[in-house]
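What follows is calculated from the coordinates using simple rules that are stated; it is not laboratory data. All of these numbers come straight from a predicted model, not from anything done at the bench. Every residue, glycine among them, receives a Cβ derived from its backbone with ideal geometry; neighbour counts consider all protein chains shown.
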Amino acid sequence: MEVEQEGKKVRRIFTAEQKFEILKDIERCKTIKEGLAKHQLAQSVYHKWKRQLEVGVRASLRNSRPLKSTDLRRLEAENHKLKEVVLNQALLISELKKEMNLD
């Protein structure tokens, strides 16, 4: 999955859709070897993608990090802000109790 580019090895990253299209294109070639050469893929990568597709795990064709929806990211940010507010309030209450000798 690496390709030479100006003397450096570059790792190519494909989306699930790109992987699926590449698999279909390789199947349309006369031989698998010809298709792999066309896309500059190793045979092991082809078989890995093919095996994942055959077991019906389209989600596993995407790259290692799952994509987060915008709603999930927004909720995580809101959750982080709320945790900070609660921490600040707890510290303020603690300081007020100390000042009033309520410990």
Restraint check, 9/33; 38/68; 9/30; 8/30, Cα-Cα greater than 26 Å: 38/68; 9/30; 8/30
Approximate spin-label separation residue 91-residue 68, in nm, with each point projected 7 Å along Cα-to-Cβ: 2.3 nm
Efficiency of FRET from Cβ geometry, residue 30 and residue 10, R₀ 22 Å, rounded to 0.05: 0.20
